[in-house]
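Following: one structure in structure tokens, then a few remarks.
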């Protein structure tokens, strides 16, 4: 495969984050998050990207690579280096994520069981005080789908509870979990614990 | 990684925007609220409870927290927590507005005094105690006037009166609003003292505008100027449509910025987000109020900046980096409509959301009220049932899209039993 043929589009998500979309799958139908340079060891694509000075986080998902950078470097500078690293990786034919890294991810059935355990033992007993409940809807690969009900559905603080309570507990208990997606229809909540009321 | 302490009241609309912004940055985040999060014990580094009604106590709680989890910046996301934010920053020796300045900005009478002392154009004003002889005082008031609570925000309790009879009725209504407010949540002595009096000021005619800015070492950088195309002549002052960039001529915009710079200087504000409301009579800009926080509700979504940064990202970055240069606002016209409460009662159904979303130019329709929620219009209420967002090639098209989208919505409200 010629590196020059590979088309990569960079789309800024924010000042610190840029999403690179490649014209072909990089990690077909799968996603994996590398939260640090250490976590990238053994995974060739992530190793190449973390070798670029200033890259602080890498998420690979099918044909997209989302990169976080530190404040000390500028996108026009490292964007080109990231593009070159992606092209070099595709030309090498290496796997994006090492078998070992992926092998450490529990199966979806194992994740399902462990997430349910976290919800039953830690999360739901606590949010029951607010009339809330969190249900596990499904696990696909390592992506977890949850739904919030009762006082959590439509609650003005549901984002806080999800990000800093539920996500945190699940990730601490089950390393290797990918995205945790809230599929709640919050607009349909009938009895949210907190309702925004301040103009 | 630096740690940002976000002061997020449980009743704010701003949670999602600030969490989303922080999530895109390499920062550790701690969310502090006035009530404990149900999962606080599972993540004590990220979920904190502070006594928002008692700034000194909250500051001590934050100092205790910071001894384990050092804090690099504190951001007050709403009016309710600006004083707490200043007190915490003072206790942690972080760059911030002084507590005195923030307290002055939250007191409409003190604000007026400071504007007057600084030579700013200010409507005639006076402070009156609710226990004063209102019918007698009514004879000495110039009409039309506006009665205002000293400490509430978001137009809550603000009522225009055109004569003595309306004045007496307005004061009685405001008194009930303030008494209910006193009962609704704990108040410190400063707040209770403010709620024993109210402000009467001359009604300033002319269009109203809103300015969004950021302060660094007292220097104002304007991020956006919003036109409010709907006349705000009372008797209540409900916000509806905000459009940006402003249609005002450049020299007038410069006057507005100059007036705001003078106003923040008069109050003593020096750092962080600023939201100002001004009137534009023929004689030039008149500052109505300036607050040390960003735009309320979900309205910040109508602002677009280069590099896809959001207003909340700008605020967080600026709080962490003294030399941060905020990006320039997008020039493409955009706008937001804060959906007015159609009538008092219990919301039973919302119809037409899909049609409202389908209007050309509409970016998003966000309904924040839930079925079963009691809706209370101004001047007693303080919540919007939702927000409409639009972007288009022209400001006229944005405004037309917002009005067309609003016309598609139907709120079915059952009058509340007394």
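The values are calculated or read from the model by the stated rules, or taken from the named source; none is laboratory data. Since the structure is predicted, the reported quantities are computational estimates derived from the model, not experimental observations. So basically every Cβ, Gly included, is an ideal-geometry build from the backbone, and we count neighbours across all protein chains shown.
If residue A:127 satisfies all but one of (1) in a helix (DSSP H, G or I); (2) touching a helix residue (DSSP H, G or I) at 6+ places or on another chain (Cβ under 6 Å), what's the number of the condition it fails?
(2)
Residue A:129 versus (1) surrounded by 15 or more Cβ atoms within 10 Å (Cβ to Cβ); (2) facing chain B (nearest Cβ under 10 Å): which is the lone unmet condition?
All conditions pass for residue A:129, except number (1).
Test of understanding: among A:136, A:90, which residue is away from chain B (no Cβ under 14 Å) and assigned to a helix (DSSP H, G or I)?
Details: A:136 fails: assigned to a helix (DSSP H, G or I).
One residue alone meets the criteria, A:90.
From the list A:173, A:179, A:158, which residue is closer than 30 Å to residue B:351 by Cβ and within 14 Å of another protein chain (Cβ to nearest Cβ)?
Details: A:173 fails: closer than 30 Å to residue B:351 by Cβ; A:179 fails: closer than 30 Å to residue B:351 by Cβ.
Answer to the check: A:158.
Examine segment B:274-282 for a residue that is in contact (Cβ under 8 Å) with a residue 60 or more places away in the chain and within 13 Å of chain A (Cβ to nearest Cβ), and state whether such a residue exists. Spell out how you get there, then give the answer.
First, pick out the residues of segment B:274-282 that are in contact (Cβ under 8 Å) with a residue 60 or more places away in the chain: B:274-282.
Subsequent filtering for residues that are within 13 Å of chain A (Cβ to nearest Cβ) retains B:275, B:277.
There is at least one residue in segment B:274-282 that is in contact (Cβ under 8 Å) with a residue 60 or more places away in the chain and within 13 Å of chain A (Cβ to nearest Cβ).
With the checklist (1) surrounded by fewer than 18 Cβ atoms within 10 Å (Cβ to Cβ); (2) under 24 Å from residue A:74 (Cα atoms) in hand, flag the one item residue B:332 doesn't pass.
(2)
Limited to segment B:23-45, what total is found for residues that are more than 7 Å from chain A (Cβ to nearest Cβ), in a loop (DSSP other than H, G, I, E, B) and more than 23 Å from the chain's Cα centre (by Cα)?
Qualifying residue count for the region: 4.
Suppose we filter segment A:161-177 for residues that are more than 17 Å from residue A:133 (Cβ to Cβ) and in a helix (DSSP H, G or I); how many remain? Step through it out loud before you land on a result.
Of segment A:161-177, the ones more than 17 Å from residue A:133 (Cβ to Cβ) are A:163-164, A:168, A:171-177.
When the remaining residues are screened for being in a helix (DSSP H, G or I), the result is A:163-164, A:168, A:171-173.
Within segment A:161-177, residues that are more than 17 Å from residue A:133 (Cβ to Cβ) and in a helix (DSSP H, G or I) number 6.
Output yes when any residue across segment A:1-17 is modelled with pLDDT of 80 or more, within 14 Å of chain B (Cβ to nearest Cβ), assigned to a strand (DSSP E or B) and under 24 Å from residue A:176 (Cα atoms), and no when none is.
no
Considering only segment B:85-92, I want to know if a residue exists there that is without any contact (Cβ under 8 Å) to a residue 60 or more places away in the chain and within 14 Å of chain A (Cβ to nearest Cβ).
Looking for residues that are without any contact (Cβ under 8 Å) to a residue 60 or more places away in the chain and within 14 Å of chain A (Cβ to nearest Cβ), one finds none in segment B:85-92, hence no.
Taking residue A:78 as the residue in question, decide whether it is assigned to a helix (DSSP H, G or I) and surrounded by 15 or more Cβ atoms within 10 Å (Cβ to Cβ).
Details: assigned to a helix (DSSP H, G or I): yes; surrounded by 15 or more Cβ atoms within 10 Å (Cβ to Cβ): yes.
So residue A:78 passes the test.
Just the residues that are over 18 Å from residue B:202 (Cα atoms) and surrounded by fewer than 24 Cβ atoms within 10 Å (Cβ to Cβ), please, taken from segment B:272-289. Before the answer, list the steps.
So the first thing to find is which residues in segment B:272-289 are over 18 Å from residue B:202 (Cα atoms), and the list is B:272-276.
Once the filter is applied, which keeps residues that are over 18 Å from residue B:202 (Cα atoms) and surrounded by fewer than 24 Cβ atoms within 10 Å (Cβ to Cβ), segment B:272-289 yields only B:275.
I'd like the full set of residues that are buried (at least 23 other Cβ atoms within 10 Å of the Cβ), more than 21 Å from residue B:263 (Cβ to Cβ) and at pLDDT below 95, limited to segment B:290-306.
Residue satisfying the conditions is B:297 alone.
Which condition number in (1) more than 14 Å from chain A (Cβ to nearest Cβ); (2) farther than 26 Å from residue A:130 by Cβ; (3) over 18 Å from the mean Cα position of the chain (by Cα) is the one that residue B:57 fails?
Residue B:57 satisfies every listed condition except (2).
Which one is nearest to the chain's Cα centre (by Cα), of the residues in segment B:203-222 that are more than 19 Å from residue B:241 (Cβ to Cβ) and surrounded by 17 or more Cβ atoms within 10 Å (Cβ to Cβ)?
Per the stated criteria, the residue is B:213.
Filter segment B:12-22 down to the residues that are surrounded by fewer than 21 Cβ atoms within 10 Å (Cβ to Cβ) and at the interface with chain A (Cβ under 7 Å from one of its Cβ atoms), then identify the one that is nearest to the chain's Cα centre (by Cα).
B:16
If I go through segment B:344-400 residue by residue, how many of them are touching a strand residue (DSSP E or B) at 6+ places or on another chain (Cβ under 7 Å), away from chain A (no Cβ under 11 Å) and either under 19 Å from residue B:156 (Cβ atoms) or without any contact (Cβ under 8 Å) to a residue 12 or more places away in the chain (or both)?
3
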